[in-house]
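The values are calculated or read from the model by the stated rules, or taken from the named source; none is laboratory data. Nothing here was measured: the structure is a model prediction, and the numbers come from that model. Cβ: placed from backbone, ideal geometry, glycine included. Neighbour counts: every protein chain shown.
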Protein chains: 2
Amino acid sequence: MSFDYTPILPAHVPAPAARWTGFPEYNFVGGHIDDATVPVDDLRAAIDRAMVREGSNLATYYLQSGPQGYRPCREFVASKLKTYCGIDTTADDILLTSGSLQAMDLINKLLLEKGDTVIVEESNYGGAFSKLRALGVNMVSIPLDDQGMRMDALEAALDDLVAKGIKPKYIFGIITVHNPTGTILPLDRRHKMIELAKKHGVPIFEDECYSDIVWSNERPPALRALDDTGIVIHIGTFSKTVGPALRVGYINADWSVLSRLIAMKSDAGSGALEQMMLSEYCPDNFDAHVKRCNAVLEGKLDALIQSLDENFGAAVHYQKPPGGIFLWVKLPEGVKTSRLAEVAATQGVAVNPGPEWSLGKDSDDWIRICYANPPIEKIWAGVAKLADICHAEFGVPEFSGNIRR
Amino acid sequence: MSFDYTPILPAHVPAPAARWTGFPEYNFVGGHIDDATVPVDDLRAAIDRAMVREGSNLATYYLQSGPQGYRPCREFVASKLKTYCGIDTTADDILLTSGSLQAMDLINKLLLEKGDTVIVEESNYGGAFSKLRALGVNMVSIPLDDQGMRMDALEAALDDLVAKGIKPKYIFGIITVHNPTGTILPLDRRHKMIELAKKHGVPIFEDECYSDIVWSNERPPALRALDDTGIVIHIGTFSKTVGPALRVGYINADWSVLSRLIAMKSDAGSGALEQMMLSEYCPDNFDAHVKRCNAVLEGKLDALIQSLDENFGAAVHYQKPPGGIFLWVKLPEGVKTSRLAEVAATQGVAVNPGPEWSLGKDSDDWIRICYANPPIEKIWAGVAKLADICHAEFGVPEFSGNIRR
């Protein structure tokens with residue numbers, strides 16, 4: 001007879017995971033990237049050089065670099081933060097993490113308690129919402145427009161919280177290539193955001209996980225670059241540029257914060273090989289690699305857009321984003337995307353329904369389509385299949401191409 | 001002016017970490033291994049083969065294997081558990097983690113709440129104690145003898161808890177190469193331990209992090225091998241055999257537990273390269289590698305023992321362990337090891353003072369000396385220096401070699 005753990009589990013443990021059964025045939029979810037852009041040969045050469053030089057350091061925790069992570073990798077991150085988004089920092093103020101998700105967990109663990117309030121963009125990374133819900137934290141959401149978070153709404157929300165006697169713990173923002181809309185917050189709003197944060201004494205938690213993926217290869221300075229008081233905690237990752245399976249993310253913050261995050265990172269370091277490999281590969285190759293990836297990804301986005309236009313016609317609405325790996329699409333009136341995603345999943349088409357990615361009232365009108373991983377022919381076939389399913393379930397789109405269904 | 005985070009931090013956040021300033025000259029702490037035993041060339045070949053075959057899978061989370069971790073690596077773990085400690089399991093019931101520390105954190109997070117009680121060996125891994133303290137969990141400690149945890153004491157403690165109406169959440173044990181004593185619990189006690197666990201309906205959390213390091217290369221079956229009810233949750237690691245910097249550990253448990261641990265693992269997987277490398281390296285090389293390491297380590301242990309005898313004479317007591325990477329040493333009467341470790345640290349000699357590693361009343365008589373990493377000449381020099389410091393501070397040892405100090 002099996003021992004039953006159920007009676008001894010604390011209340012509110014998450015539901016058990018289901019057995020993983022592989023990716024769906026048309027996989028438009030998850031922050032995967034394009035297989036063909038992984039620079040396998042250069043990465044092989046990089047990890048081999050690193051192993052020759054200091055493979056025997058695997059014998060010690062932290063590769064002779066201490067709990068912040070492999071120093072040469074931190075040095076590259078610091079230089080990248082300078083050249084890519086204007087943050088003037090050093091390896092001493094970087095903590096390497098197991099992807100930006102561990103970074104997020106650490107920051108939440110440091111700052112948040114049950115019952116706390118945080119400010120979030122109304123549409124946002126679904127995982128951020130789930131993590132905050134699991135912690136029992138209240139979310140105050142700020143509406144977006146076609147340039148990102150609205151500063152008038154942020155100001156009103158902060159004032160409203162003051163009136164209620166509530167001090168939010170942070171303002172969370174994915175403001176450079178926002179998830180899911182892809183917008184890049186303009187510079188004047190960035191300055192305003194910092195001004196508001198300072199006025200109210202509320203830290204900003206800036207998540208730049210997609211910010212390297214910009215078609216123009218240009219972007220405004222990070223919030224952390226525009227502030228010299230340490231009120232901004234900045235995180236990023238190599239997941240979307242070199243590969244999500246690597247699990248290398250980072251936190252850049254003032255030492256008063258970073259030193260506490262290090263103390264809370266209870267896993268004795270993140271994987272060494274990835275840090276060794278990136279520190280060899282990136283200094284000479286990262287810039288050109290990112291530009292190559294961005295060209296490929298914009299091509300895939302164009303294919304997605306064409307396939308949506310072809311299959312859904314004028315019934316869908318979207319704004320072509322300046323970067324990223326996903327498109328946020330408003331479906332025709334009458335379509336409930338939570339239902340659509342559920343039915344599509346049973347037929348091998350995976351999309352994120354709006355309610356997972358947005359707290360907005362109209363969230364069930366939207367879906368998020370990740371296009372970076374599927375080959376272009378799969379994008380076309382998957383979108384066609386999604387249109388079929390949508391039509392079968394909701395009677396729209398009425399036209400696909402010029403053909404009435 | 002710097003933004004001050006202090007007012008917004010929840011109570012009881014840990015103290016900030018200090019800047020890492022490198023390892024001490026005589027480093028007898030930390031689960032490091034011998035640099036020279038890291039099989040660098042074979043590991044280079046292994047990761048290169050894996051990258052050639054499926055490097056492009058780095059583009060997807062989880063390397064096409066789902067959230068439990070890279071399947072070929074899980075398959076090796078399952079086969080190793082069978083041949084090394086008799087557990088009949090499959091890759092389906094393995095979860096790969098960022099070292100066994102993440103495994104421990106996940107299990108604690110699943111099972112424990114503030115105010116809960118767990119049963120632990122009286123001397124034990126200091127990190128396990130700190131994690132439990134940070135969670136606000138009460139520890140009931142079971143005394144050890146020269147073979148490990150005393151079953152009469154475990155039985156009495158369980159009965160006593162029943163009488164008090166307290167149901168402990170688990171019995172934690174590092175029973176195969178115990179940390180810090182190095183003992184291996186005999187088979188009859190293992191059977192007794194499972195019998196007691198079942199009688200009281202209390203799960204066993206079995207940590208086999210050092211169990212591959214046995215001079216005879218033979219060991220009794222794991223507790224999980226002796227039970228078919230799922231009452232044992234088993235964890236292990238590659239840290240002590242291939243390298244701690246890798247951060248590859250694992251959990252083996254019934255699906256009812258594992259599926260919940262997977263749901264709580266919120267970092268989207270642990271590092272891919274280590275899992276790829278190990279799955280290529282281990283099937284053909286792990287057995288011979290471990291035997292080679294064990295021979296080297298036993299040689300270092302002998303050097304440590306000789307240097308202790310030479311420098312401390314009859315004033316110290318220890319039991320030569322059948323395996324592991326540390327020696328648990330009782331210092332001469334009058335020595336307070338918490339003080340000794342503090343003074344030694346200022347002079348470049350790092351040892352674990354007993355109170356960090358034991359809840360016993362006499363804990364301040366003991367130190368833990370990790371001997372795997374320092375070269376033999378450093379072991380000799382470090383122990384000589386420790387004896388000097390001990391003499392200067394406490395007047396003992398009176399003799400070093402045949403020379404009165």
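Summary table below
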quantity	calculated
Among (1) surrounded by 24 or more Cβ atoms within 10 Å (Cβ to Cβ); (2) free of Cβ contacts under 8 Å to residues at least 40 places away in the same chain; (3) part of a helix (DSSP H, G or I), the one test that A:Arg224 misses	(2)
Cβ-Cβ under 6 Å pairs, at least 6 apart or on other chains, the stretch B:331-347 side at positive phi, far side assigned to a helix (DSSP H, G or I)	B:Gly334/B:Phe394
Selected residue [in contact with a helix residue (DSSP H, G or I) (Cβ under 8 Å, 6 or more places away or on another chain), more than 14 Å from every other protein chain (Cβ to nearest Cβ) and more than 23 Å from B:Ala263 (Cα to Cα)] from A:Thr117, A:Thr89	A:Thr89
Hits in the stretch A:111-138 (condition: in contact with a Lys or Arg (Cβ under 8 Å, 6 or more places away or on another chain) and either of a type in the set (Val, Ile, Thr) or surrounded by 20 or more Cβ atoms within 10 Å (Cβ to Cβ) (or both))	A:Leu111, A:Leu112, A:Asp116, A:Thr117, A:Val118, A:Val137
B:Arg74 of a type in the set (D, E, K, R), more than 7 Å from chain A (Cβ to nearest Cβ) and surrounded by 18 or more Cβ atoms within 10 Å (Cβ to Cβ)	yes
Test result for B:Asp35, more than 8 Å from chain A (Cβ to nearest Cβ), of a type outside the set (Lys, Arg) and touching a helix residue (DSSP H, G or I) at 6+ places or on another chain (Cβ under 9 Å)	no
Single match in B:Pro374, B:Pro355, B:Pro332 (criterion: assigned to a helix (DSSP H, G or I), within 27 Å of the chain's Cα centre (by Cα) and outside the structural domain of B:Gly127 (by TED's automatic domain parsing))	B:Pro355
Residues of the stretch A:203-221 satisfying the condition of being over 18 Å from A:Gly126 (Cα atoms) and part of a loop (DSSP other than H, G, I, E, B)	A:Pro203, A:Asp212, A:Ile213, A:Trp215, A:Ser216, A:Asn217, A:Glu218, A:Arg219, A:Pro220, A:Pro221
Residue pairs meeting the criteria (Cβ under 9 Å; at least 6 apart or on separate chains; first within 12 Å of another protein chain (Cβ to nearest Cβ), in the stretch B:191-203; second surrounded by 15 or more Cβ atoms within 10 Å (Cβ to Cβ) and of a type in the set (Lys, Arg))	B:His200/B:Lys167; B:Gly201/B:Lys167; B:Val202/B:Lys167; B:Val202/B:Lys169; B:Pro203/B:Lys169
Lone qualifier among A:Phe3, A:Phe23, A:Phe28 - being in contact with an Asp or Glu (Cβ under 9 Å, 6 or more places away or on another chain) and either aromatic (Phe, Trp, Tyr) or more than 7 Å from every other protein chain (Cβ to nearest Cβ) (or both)	A:Phe3
Options B:Leu63, B:Leu43, B:Leu58, B:Leu81: the member that is away from every other protein chain (no Cβ under 11 Å), touching a residue at least 40 places away in the same chain (Cβ under 8 Å) and assigned to a helix (DSSP H, G or I)	B:Leu81
Criterion (outside any strand (DSSP E or B), within 10 Å of another protein chain (Cβ to nearest Cβ), surrounded by fewer than 17 Cβ atoms within 10 Å (Cβ to Cβ) and among the hydrophobic types (A, V, I, L, M, F, W, C)) met by exactly one of A:Ala50, A:Ala11	A:Ala11
Checklist (1) of a type in the set (A, V, I, L, M, F, W, C); (2) part of a strand (DSSP E or B); (3) surrounded by fewer than 24 Cβ atoms within 10 Å (Cβ to Cβ) applied to A:Ala163, failing item	(2)
Boolean, B:Ser239 is surrounded by 24 or more Cβ atoms within 10 Å (Cβ to Cβ) and either at the interface with chain A (Cβ under 9 Å from one of its Cβ atoms) or more than 30 Å from B:Thr183 (Cβ to Cβ) (or both)	yes
Candidate set from the stretch B:175-198 (those that are among the basic types (Lys, Arg) and in contact with an Asp or Glu (Cβ under 9 Å, 6 or more places away or on another chain)); member that is surrounded by the most Cβ atoms within 10 Å (Cβ to Cβ)	B:Lys192
All positions within the stretch A:139-160 that are surrounded by 15 or more Cβ atoms within 10 Å (Cβ to Cβ) and in a helix (DSSP H, G or I)	A:Met151, A:Ala153, A:Leu154, A:Glu155, A:Ala157, A:Leu158
Check on A:Thr229, assigned by TED's automatic domain parsing to the domain that holds A:Leu111, hydroxyl-bearing (Ser, Thr, Tyr) and over 26 Å from A:Ile325 (Cα atoms)	yes
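Matching residues to (1) among the aliphatic types (A, V, I, L, M); (2) within 11 Å of another protein chain (Cβ to nearest Cβ):
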{"position": "A:Leu95", "(1), (2)": "yes, yes"}
{"position": "A:Met104", "(1), (2)": "yes, yes"}
{"position": "A:Ser130", "(1), (2)": "no, yes"}
{"position": "A:Met149", "(1), (2)": "yes, no"}
